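Working notes, beginning with the structure itself.
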Ligand code: CA
């Protein structure tokens, strides 16, 4: 059952970005689009529809939480998982207030991210079912 999910990955750290893109491709069910900054991410959601967005908080041009808020304003309803290096609770809440569905604190294991991605996609699929059926 080849059900390909389109994922947008917005991360400026090259090593992490390449690593995540590789791991996601090895799963065999994700098609990953890569952006290196917030403006790139915002342009990407304007042009394409993604099943899930992975968004770094610390981007060179914009704060990832601001990017998240702007994506929601543009009508993006798909799950957004934030990658954050900030561990304080205040920052976590800010991340969620920006419209994110989930967050992961760096450093993390890929399997943790993969599990969160699958959970969000499952949740989204259930919601789709509910609203359409
Ligand atoms: Ca970063």
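Looking across the range 43-57 at every residue that is surrounded by 18 or more Cβ atoms within 10 Å (Cβ to Cβ) and part of a loop (DSSP other than H, G, I, E, B), the one that is modelled with the lowest pLDDT is identified as 57. Selection within the range 58-77: residues that are without any contact (Cβ under 8 Å) to a residue 40 or more places away in the chain and buried (at least 19 other Cβ atoms within 10 Å of the Cβ). The member of this set that is farthest from the ligand (Cβ to nearest atom) is 76. May I ask you to list the residues in the range 20-39 that are surrounded by fewer than 19 Cβ atoms within 10 Å (Cβ to Cβ) and touching a residue at least 24 places away in the same chain (Cβ under 8 Å)? Of everything in the range 20-39, those that are surrounded by fewer than 19 Cβ atoms within 10 Å (Cβ to Cβ) and touching a residue at least 24 places away in the same chain (Cβ under 8 Å) turn out to be 23, 27, 29, 31, 33, 34, 36, 37.
Can we say residue 92 is without any contact (Cβ under 8 Å) to a residue 24 or more places away in the chain, within 16 Å of the ligand (Cβ to nearest atom) and more than 17 Å from residue 10 (Cα to Cα)?
Numbers: without any contact (Cβ under 8 Å) to a residue 24 or more places away in the chain: yes; within 16 Å of the ligand (Cβ to nearest atom): no; more than 17 Å from residue 10 (Cα to Cα): yes.
In short, no.
Each residue in the range 43-55 was checked for being touching a residue at least 12 places away in the same chain (Cβ under 8 Å) and away from the ligand (no atom under 16 Å from the Cβ), and 8 of them qualify. Take residue 14 and decide whether it is within 16 Å of the ligand (Cβ to nearest atom) and out of contact with any strand residue (DSSP E or B) (no Cβ under 7 Å at 6 or more places or on another chain). Criteria met by residue 14. Each residue in the range 109-127 was checked for being under 15 Å from the mean Cα position of the chain (by Cα), under 12 Å from residue 51 (Cα atoms) and surrounded by fewer than 14 Cβ atoms within 10 Å (Cβ to Cβ), and 2 of them qualify. So for the range 18-41 (the condition being more than 16 Å from the ligand (Cβ to nearest atom), farther than 21 Å from residue 125 by Cβ and either under 13 Å from the mean Cα position of the chain (by Cα) or part of a loop (DSSP other than H, G, I, E, B) (or both)), does at least one residue qualify? Scanning the range 18-41 turns up no residue that is more than 16 Å from the ligand (Cβ to nearest atom), farther than 21 Å from residue 125 by Cβ and either under 13 Å from the mean Cα position of the chain (by Cα) or part of a loop (DSSP other than H, G, I, E, B) (or both). Residue 112 meets the conditions (1) touching a strand residue (DSSP E or B) at 6+ places or on another chain (Cβ under 7 Å); (2) within 14 Å of the ligand (Cβ to nearest atom) in every case but one. The failed one is (2).
In the range 1-11, the qualifying residues are those that are part of a strand (DSSP E or B) and more than 13 Å from the ligand (Cβ to nearest atom), and the one that is surrounded by the fewest Cβ atoms within 10 Å (Cβ to Cβ) is 6.
The values are calculated or read from the model by the stated rules, or taken from the named source; none is laboratory data. Worth saying up front: this structure is predicted, and the values here are computed from it rather than measured. Note that we place each Cβ from the backbone using ideal geometry, even for glycine, and neighbour counts take in every protein chain shown.
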